[in-house]
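Okay, structure first, notes after.
Since every read-out is calculated from the coordinates, none of them should be taken as a lab result. Please read all numbers here as calculations on a predicted model, not as lab measurements. Virtual Cβ from ideal backbone geometry, glycine too; neighbours counted across all protein chains shown.
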Amino acid sequence: MACRKEAGRSPEKEERTRIMKNEKAVVVFSGGQDSTTCLFWAIENFQEVYAVTFSYGQRHDTEIEVAKEITKDLGVTHDVLDMSLLNQLAPNALTRSDIDVAEGEEGELPTTFVDGRNMLFFTFASIYGRQRGAKHIVTGVCETDYSGYPDCRDVFTKSLNVTLNLAMDDNFVVHTPLMWLDKAATWKLADELGRLDYVKNETLTCYHGIRGDGCGECPACELRRQGYEQYMEEKRADA
């Protein structure tokens, strides 16, 4: 799949795109809207793409099954890595059925926040990539709609990128295609990649493990729905 050219792209960006098209990438993949959009973005921009999913005692094993189905459908090499220690170290609403999914009170994080999750995921994805000659790590973290998660911030990903390179004496690049996009813009990106319907119907974002549009009530479903409706309204207005 050819990479689309952007209007007004600088020679530096053109050269970077040319280099990326000949290199390998690892996508941190959950099978959700954001990571699936990033998977399609990676397929568009890199010669070879791998996907890694982490098993950390998620409340719904459906997440891992969806990730397996999507990567099989797309012909992407996929591995599930065991991170079950997180369940012991950081009990939260994503791993324990006795903890309710809830937004945090003022000054507090949501109950769905998993301490250290992205730090560990990106680190292990880089180790995985090193064994396969992949220098690019792609993740769907986003500071615009990040629910207050500190490990979704741009400053964190840039800091960890430096640390990974120092720790392994290498030159990894952590890509965050969604960092400054709200949910409407993320839907737009999926549409530009020609995968809007696929992302809408085949992904799992719902905290209650329901594929597609989900339960419609949890914070993840509500954010996803609002973004979709906003994008479709904007698309109709531009038609």
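Observations on the model:
- Listed pairs 72/200; 72/158; 13/158; 21/183; 24/158 exceeding 29 Å between Cα atoms: 72/158
- Which of 10, 126 has the fewest Cβ neighbours within 10 Å, and the rest in rising order: 10, 126
- Here the residues 82, 34, ranked from fewest to most Cβ neighbours within 10 Å of their Cβ, fall in the order 82, 34.
- Order of 142, 218 - criterion: other Cβ atoms within 10 Å of each residue's Cβ, fewest first: 218, 142
- Taking amide hydrogens as placed 1.01 Å from N in the peptide plane, the amide H of residue 203 sits under 5 Å from those of 212, each at least 5 positions away in sequence or on another chain.
- Computed from backbone phi, the HN-Hα couplings of the range 194-205 come to x, 10, 4, 5, 4, 5, 5, 9, 9, 8, 10, 10 Hz, rounded to whole numbers (Karplus: 6.51 cos²θ - 1.76 cosθ + 1.60, θ = phi - 60°; Gly and Pro given as x).
- Between residue 225 and residue 48, the modelled label-to-label distance comes to 4.3 nm, taking each label 7 Å out from Cα in the direction of the beta carbon.
- For residue 173, the residues whose amide H sits under 5 Å from its own are 136, 137, ignoring neighbours fewer than 5 places away on the same chain, with H placed 1.01 Å from N.
- 5 angstrom amide H check on residue 81, placed H, neighbours 5+ away: 53, 54, 55
- Relative contact order computed over the range 11-238 (Cα-Cα under 8 Å; 6+ residues apart), in percent: 20 percent
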